Amino acid sequence: MFGRFTDPTAEAFSALQHEPIVLYTVLTIMVLGILVFTVITLCGWWGTLWRNWITTVDHKRIGIMYVVLALVMLVRGFADALMMRLHQAMALGNESAGYLPPDHYDQIFTAHGVIMIFFMATPLLFGLFNYILPLQIGARDVAFPFLNNLGFWITFAGAVLINISLGVGNFGRVGWLAYPPLSELSGSPDTGVDYYLWSLQLSGIATTISAINFVATIIKMRVSGMTMMKLPVFCWTALVANVLILMIYPVLTVALALLIGDRYLGMHFFTNDGGGNPMVWINYVWIFGHPEVYVLVLPAFGILSEVVPTFSSKCLFGYTSMIWAILVILVLSFLVWAHHFFTMGGGISVNTFFSVATMVIAVPTGVKIFNWLFTMYKGRIRLEPPMLWCMGMIFTFVGGGLTGVMLSIAPADWQFHNSLFLVAHFHHTIIGGVVFAYLAGLVYWFPKAFGIKLNRALGIASFWCWFIGFYFSFFPLYILGLMGATRRLQHYIEPSWQPYFIIAMIGALIIALGILFTVLQLLLVVWYGIKHKGRLPVRENDPWGDTRTLEWSISSPPPPYNFAILPSVTTLDAYWHMKTEGTQCKPTRFSRIHMPSNTSAGFWVGILALILGFALVWHIWWLVAFSFIGVISVIILHSFIGDHCGYYLSAMEVQKTEDAFTAAYLKAGGKEI
Amino acid sequence: MNTSVRIETINEDHHDNGSTQVFGFWIYILQDLFLFATLFANFAVFSSTYDGGAAGKDFINLPFVMVETFLLLFSSISCGFAMVNLQTNNLQGTRLSLQITFILGLAFVGMEVYEFMHLIHQGVIPSVSTYWSAFFVLVATHGVHVIAGLIWMMCMFVHLSRYKLSRDNRIRMACLSLFWHFLDIVWIGVFTVVYLLGAL
């Protein structure tokens, strides 16, 4: 009836009973949850929430929901990071040193990696894609608005499932890629790895759905005249990242499914007995995992290619070479996976091939760096927060890339393998490359979504805290790696390591300050929203000035239909061209606009998928059957009784909305057109 | 109006353009192909890992699988006829061809289930060795896809009787037939790699 809940080895509630940290965290989350629930109920916001957010198919609202999910997960993942740094700073001695027992510590580093990649970076990326892509290509929505909503709610289900493991049962103690045989039943008999497997399967389904949507959007929904070589670079990187997703996520899905087969059906893919081979798993996950790095970093390059020209008041240097560099990376990213395990014993020829391929990938990346530098060269650079993030990214990412080239030398890698040098390297590229760029994007496009900029002083403070904090937390790890410290150490016996771990902890605290400043920035905006009772006033379209792409040609926040009249594009940097030629149109004759209807099907599928995942983790088979049939039924019912016709916004309503924008535009000093 | 901005007639079917939906479905098929490619690679890696247990060729009954293959191939032909009938606006013909497709598909699934039951009855189960794990996962993944296709067809019958040959139904039929032909092609791969090569 209750599956593994009645099985004492699964230890359903042992963490709550024996780990005060877990107990207090769960209690805090519950209190916060009840508080939020009460506030929403008292203010009577459930209806608004349901109509405007939960059931919405508007890409802009879904984008905001993705970003909110990502920021919440960032706080969760960063709390894990702080705990680890704090623990390692104290962990000189034996197993009882520090404050985290090995079992708990192992769960934390696993959760940190999984959450940061799959439930922080990916949703943040999809939030930006959702909000910006359709606006940049002049579309009124994504190709499949319902799938967009569905994808978000399945991602949400995955994120909730992984967080349930905090209180009920355990999380894996296996590292973010769960190498077998440790992740097999023989090594991890309880629920930890099952939470890992099912939350990643959910996230994988959602990511695939969204990637199909984005590729179809970019290929089929571009406004007339926008040929592929007039597409903004961010859209290009989005296209390539989503094509990569479509090629690599099936591999992850299969790998996870095979491990599920091992754990649930007694199969022998990655076990030590029965003919299984753990190295096959390691190949699968890195065939997925390496291109995944590029899924995350290519859009980061795209963001830089939008922000740097804006704040240098110049067009992007080398647009064509940028596009080709992206495409070359698409191909090369599939040829380097084995550099993650040079120590496998693949032999000289295998290691040489992957070593050289890895070094070659530095070339197209270098092309991009030079393009940004040449864009800034002789430009009128304005050091607004987005530009600071970008310059920080260029500076830091080059360093991370260089240590990557060090790691790509196979003989040297035998020394670096699984050391803290590696940990420092990939944080160098992911924080320095991905996080800095995503934050640049967030700050840059924030006024488009909400009409006001984030507080500038707090933004600059946040940047410097992240920037300095990063160097303090990860350069000691490089040194420790060279001194022989391996990753994932619960304790160590070498006293000379401790000062470095303490410096790293101070660095993490500085980053925490940076996150705090970002939270303050957001709270200020929440206050602005409350002052206007949730109806944000329409503001000017181009708050940064010198912007170049179509999303800046419409009001901030944009109307639900985005473009009252679809623009026609003749050049790259379409909006820049409109401004210089003075051809922004002030349209008066509008037609009615077709809009898709809201639907609750995505939400119900998400909830049922969450129940399905939970039931599978705990082997509650009747609930598995019930929720699985539920998911299928909701989808089928949606095809029969769902509202596929949509509705029309009348020309009069469009006129009213556009008039409000024109007024704001003139008030901000815009020229009469 | 300057040359760079022209007022376009507003495309009212912005959201449900049929070609976009079929295109999206193609992308789905392509990513599904990557899923099968991984499973084929997986099977190839473990294609002789019997762990001292039962070998594949001792249990492969080629004539039986040949019948399965022809069932699926003929179902693809009838699915093609359903699309021809759709083009000529023949609702009855579309329905009839799709019904034949459904019956052939159902017979295929029935034979596969029988094959699996037969194997399990003889003690050849997924946990025997990596070879049999890979065998069951690859063949069953294809089978599950076929079952999904059959469920889709059942819904399609209701759609056809309710909305006849509406625009939405034409898009649905286009996607369904894509899906069905795709499964057929994958089965050719399964038949070749798992059964023909396995029987050697």
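Overview of results
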quantity: Angle between chain A longest axis and helix A:233-265 axis [Cα atoms, degrees, rounded to 10]; calculated: 30
quantity: Long pairs among A:Lys314/A:Lys453; A:Lys314/A:Lys368; A:Lys533/A:Lys579; A:Lys314/A:Lys656; A:Lys579/A:Lys667, criterion Cα-Cα beyond 24 Å; calculated: A:Lys533/A:Lys579; A:Lys314/A:Lys656
quantity: Mean accessible surface per residue for the range A:42-124, computed with a 1.4 Å probe while every protein chain stays in place, in Å²; calculated: 36
quantity: Burial order of peptide ranges A:230-241, B:76-87 (average beta-carbon count within 10 Å, highest first); calculated: A:230-241, B:76-87
quantity: Chain A: angle of helix A:348-360 to the longest principal axis, Cα-based, in degrees nearest 10; calculated: 30
quantity: Euclidean distance of C-alpha centroids, the range A:376-436 and the range B:82-138, integer Å; calculated: 51
quantity: Karplus-derived 3J(HN,Hα), 6.51/-1.76/1.60, for each residue of the range A:433-450, Hz, glycine and proline x; calculated: x, 7, 5, 4, 5, 5, 5, 4, x, 4, 5, 5, 8, 4, x, 5, 7, 10
quantity: By accessible area with a 1.4 Å probe, ligands and nucleic acids excluded, highest first: order of A:Met652, A:Met393; calculated: A:Met652, A:Met393
quantity: Mean separation of Cα contacts under 8 Å (6+ apart) over length of chain A, as relative contact order %; calculated: 18
quantity: Selected from A:Ile326, A:Ala362, A:His290, residue furthest toward positive end of dipole (the protein assembly as shown; charges at beta carbon); calculated: A:Ile326
quantity: For the pair A and B, total buried accessible area rounded to nearest 100 Å², probe 1.4 Å; calculated: 4300
quantity: Using θ = phi - 60° and Karplus 6.51 cos²θ - 1.76 cosθ + 1.60, couplings along the range A:93-101 (whole Hz; Gly, Pro as x); calculated: x, 10, 3, 8, 5, x, 10, 10, x
quantity: Rg to Rh quotient for the protein assembly as shown, alpha carbon positions, Kirkwood Rh; calculated: 0.96
quantity: Sparsely packed GluC sites (Glu not before Pro) within the range B:61-140, loop by DSSP, other Cβ within 10 Å at most 10; calculated: none
quantity: Carbon + sulfur, % of accessible area of the protein assembly as shown - ligands and nucleic acids excluded, 1.4 Å; calculated: 72
quantity: Average other protein chain Cβ within 10 Å of Cβ, residues B:29-39; calculated: 6
quantity: Angle between chain A longest axis and helix A:192-220 axis [Cα atoms, degrees, rounded to 10]; calculated: 30
quantity: By average C-beta atoms within 10 angstrom, highest first, the peptides A:30-38, B:143-151, B:161-169, A:464-472; calculated: A:464-472, B:143-151, B:161-169, A:30-38
quantity: Cubic angstrom per residue, convex hull over Cα atoms of the range A:16-70; calculated: 95
quantity: Solvent exposure, largest accessible area first (probe 1.4 Å, DNA, RNA and ligands not counted), of A:Arg263, A:Arg382; calculated: A:Arg382, A:Arg263
quantity: Ordering of A:313-326, A:592-605, A:209-222 by packing [mean C-beta count within 10 Å, highest first]; calculated: A:209-222, A:592-605, A:313-326
quantity: P(r) tail fraction, the range A:513-656 - alpha-carbon pairs more than 21 Å apart, %; calculated: 68
quantity: Normalised contact order of the range A:336-461, rounded percent, pairs of Cα under 8 Å and 6 or more residues apart; calculated: 31
quantity: Residues of the range B:68-170: accessible area per residue with a 1.4 Å probe, Å²; calculated: 44
quantity: Overall dimensions of the range A:473-591 as given by Cα atoms, namely Rg and Dmax in Å; calculated: 25.4, 76
quantity: Average beta-carbon neighbours from other chains, 10 Å sphere, peptide A:263-274; calculated: 5
quantity: Value of relative contact order over the range A:243-389, rounded to a whole percent, pairs C-alpha under 8 Å and six or more apart; calculated: 26
quantity: Loop trypsin sites (Lys or Arg not before Pro), the range A:613-673 (other Cβ atoms within 10 Å of the site Cβ: 10 or fewer; DSSP); calculated: A:Lys671
quantity: Probe 1.4 Å, protein heavy atoms only - accessible area per residue of the range A:593-636 in square angstrom; calculated: 40
quantity: Within 10 Å of each Cβ in A:36-45, the average number of Cβ atoms from other chains; calculated: 0
quantity: Angstrom value of the Kirkwood radius, inverse mean 1/r, which spans all Cα pairs in the range A:74-186; calculated: 16.4
quantity: Reachable lysines from A:Lys220, criterion Cα separation under 16 angstrom, eight or more residues apart if same chain; calculated: A:Lys230
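The values are calculated or read from the model by the stated rules, or taken from the named source; none is laboratory data. Treat the numbers as computed from the prediction; the structure is a model and nothing was measured. With ideal geometry, Cβ positions are generated from the backbone for all residues, glycine too; neighbour counts draw on all protein chains shown. All accessible areas refer to the heavy atoms of the entire protein, side chains included, with ligands and DNA or RNA removed. Shrake-Rupley method; radii C 1.70, N 1.55, O 1.52, S 1.80 Å.
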